[in-house]
1. Quick one: angle between helix 148-158 and the longest Cα principal axis of the chain, in degrees between 0 and 90, rounded to 10, please.
2. From the protein chains alone at 1.4 Å, what is the descending order of accessible area for PHE170, PHE162, largest first?
3. Per DSSP H run of n ≥ 4, the term is -39500 (n - 2.57); total these for the chain, divide by its residue number, and report the mean residue ellipticity at 222 nm rounded to 500 deg cm²/dmol.
4. I want to verify a result. In a Gaussian network model of the chain, Cα cutoff 10 Å, which of these has the top mean-square fluctuation: ALA171, ALA237, ALA62?
5. What does the accessible area per residue of region 169-260 come to in Å², with a 1.4 Å probe and no ligands, DNA or RNA counted?
6. Mind sorting out which of (i) 26, 23, 20; (ii) 47, 17, 15; (iii) 40, 21, 15 is the real semi-axes √(5λ) of the Cα gyration tensor in Å computed from the coordinates?
7. Would you check the accessible area of LEU194, probe 1.4 Å, heavy atoms only, in square angstrom rounded to 10?
8. For the pairs LYS148/LYS208; LYS29/LYS102; LYS212/LYS251; LYS55/LYS114; LYS186/LYS259, note any where the Cα-Cα span goes beyond 24 Å.
Amino acid sequence: MSYFKVTFEEFYKIINPLTRNLVANMSRKAKQHTTCSTPDCNKRTGLEAAHLAGKSRPTITADIVRKMIGKKDLDNGIIEIDLDVFLQKFVEEHTPLEKSIKILCKECHKKYDKENNVEFNDVINIDNIEDEATDEDFKEAVLSTMKKEDIRAIVAKEVEDFSFSDSCFFANVNKTKTVWWVEPNKDKFNNSWLLLNNTEKREVYLFKIGTKLSTEKLKTRDDKNNQYKLEILTEKAPNSFKDRLSGIDFKEFYIKTVKY
């Protein structure tokens with residue numbers, strides 16, 4: 001995880017180029033099959049990604065940060081935030097693209113902003129953008145958007161014994177390390193389900209944690225005594241699921257791989 005402890009203004013400066021280019025990349029994919037979205041305007045060149053009125057990038061960013069850390073902490077000036085989680089939520093706010101974006105030509109974009117009193121001038125040219133995020137950056141951001149609820153629904157269709165009422169812990173492959181980063185509650189980990197998702201391979205590994213687990217070997221979070229800290233290595237899956245911190249291999253509790 002990439003944590004920042006900065007003011008909101010500093011955080012916005014840090015993520016502004018990345019979010020700008022994420023929007024450009026997402027819009028460019030849509031642009032391949034469309035023209036300016038204004039009725040009777042069929043221009044295919046010089047297109048821009050126009051955020052809808054009330055959904056500018058600063059507004060979306062502030063809303064995400066407020067929900068992640070709470071309004072009180074935001075008002076205090078200094079925020080501490082996980083960049084990976086923020087980017088996941090930012091992409092979600094633009095999926096599908098029409099949720100926040102209109103594809104417009106330059107002239108229609110100016111007209112739209114004027115008619116809707118859009119004050120933030122955000123010109124994102126999707127035909128040509130300097131210093132754009134790489135395809136790999138975009139891919140990582142998109143892959144991280146697969147949520148726990150999505151995976152649970154997929155597993156529930158494939159595994160008869162799986163229930164939404166059961167305790168369940170979930171992780172995507174970490175963006176900066178080749179591990180699944182899991183922090184399960186100590187009181188709920190035994191007899192729970194563990195779902196380790198690999199979006200790139202489009203498969204999730206399913207585990208049923210039994211009482212035979214030697215929990216005394218597991219590491220505990222320094223700041224939260226009621227949570228374990230696991231870093232399960234991805235490199236040998238599905239033959240091995242070793243926790244890097246404790247050395248425990250969760251292969252013993254592996255049930256099956258569910259593809260989607």
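The values are calculated or read from the model by the stated rules, or taken from the named source; none is laboratory data. What you are looking at is a predicted structure, and each value in this text was computed from that prediction instead of being measured. Heads up, the Cβs are rebuilt from the backbone with ideal geometry, glycines too, and the neighbour counts pull from every protein chain shown. For the accessible areas, the whole protein counts, side chains as well, though only heavy atoms, and no ligand, DNA or RNA atoms are used. Shrake-Rupley method; radii C 1.70, N 1.55, O 1.52, S 1.80 Å.
1. Computed tilt is about 60 degrees.
2. Values: PHE170 45, PHE162 15 Å².
Result of the area sort, largest leading: PHE170, PHE162.
3. It comes out at -10000 deg cm²/dmol, rounded to the nearest 500.
4. Taking springs between Cα atoms under 10 Å, the residue moving most is ALA237.
5. That works out to 52 Å² for each residue.
6. Evaluating semi-axes √(5λ) of the Cα gyration tensor in Å on these atoms matches (iii).
7. Roll a 1.4 Å probe over it and LEU194 shows about 0 Å².
8. Where the Cα-Cα span goes over 24 Å, the pairs concerned are LYS186/LYS259.
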